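Below: the structure, in C-alpha cells.
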Amino acid sequence: MSPEELVALAKDIATNAHAGQFRRDSTVPYIEHPRAVVARVGKDPNAQVVAWLHDVLEDSDHTAASLEDAGIPASLVSDVALLTKTQGTNYEDYLERVASSRIATKVKIADMLSNLADNPTKKQIRKYAHGLLRLTHED
C-alpha cells in the first residue's frame with residue numbers, strides 16, 4: 001500500500017469511527033479535530049496516519065487488532081496506542097509514554113495545539129501548557 005493509500009485508509013477509518021460524534025460545542029462534527037491535527041503534523045505520511053487515528057481507540061469500538069486487520073501497520077498502531085489515554089494512568093505517566101515515540105510526540109503536540117485553538121477552559125490551558133513544555137523538553 002502506498003503512503004497516500006495508507007493515509008486515505010486512516011482517514012476513512014477515523015471518519016467512520018467518529019461518525020455521529022461532536023466536539024464540546026455539540027455542533028462541530030468530531031472528525032474536524034483529527035483533520036486539524038493532520039494539518040498540523042506536516043507532510044510525514046506516518047504522522048498523518050497516526051493523527052487521523054489518534055482518538056479512534058479511545059472514542060470508538062476499534063481495537064489495536066482491528067486497526068491492524070484493516071491494514072494499518074503494527075508500528076503505527078503502536079503509536080496510536082501510546083496516544084490513547086487509559087483509565088487510571090496519571091498525566092505525567094501518559095506524557096512519558098507519548099515522549100517515547102517521535103511520531104506520537106509530534107501528533108500529541110499537534111493535538112494539544114488543536115485543542116488550545118478550540119475554546120479551552122483555563123484548566124485545559126494549564127494542562128496543555130504543561131504537556132507542551134514536557135514534550136518539547138522545555139520543562
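Bear in mind these aren't lab numbers, they're just calculated from the coordinates by the rules spelled out. Every value quoted in this text rests on a predicted model; they were computed, and no experiment measured them.
Residue 125 to residue 74: extension gain in nm, 0.36 nm per residue of separation minus the Cα-Cα distance?
Length gained, residue 125 through residue 74: 15.1 nm.
Counting each DSSP H run of 4 or more residues in the chain as -39500 (n - 2.57), what helix-only mean residue ellipticity at 222 nm follows after dividing by all residues, to the nearest 500 deg cm²/dmol? Intermediate values should be presented prior to the final figure.
On the way: 9 runs with 93 residues, N = 139.
Result for the chain: -20000 deg cm²/dmol, rounded to the nearest 500.
Can I get the semi-axes of segment 3-135's equivalent ellipsoid? Compute them from the C-alpha gyration tensor as square roots of 5 times the eigenvalues, in angstrom, largest first.
21, 17, 14
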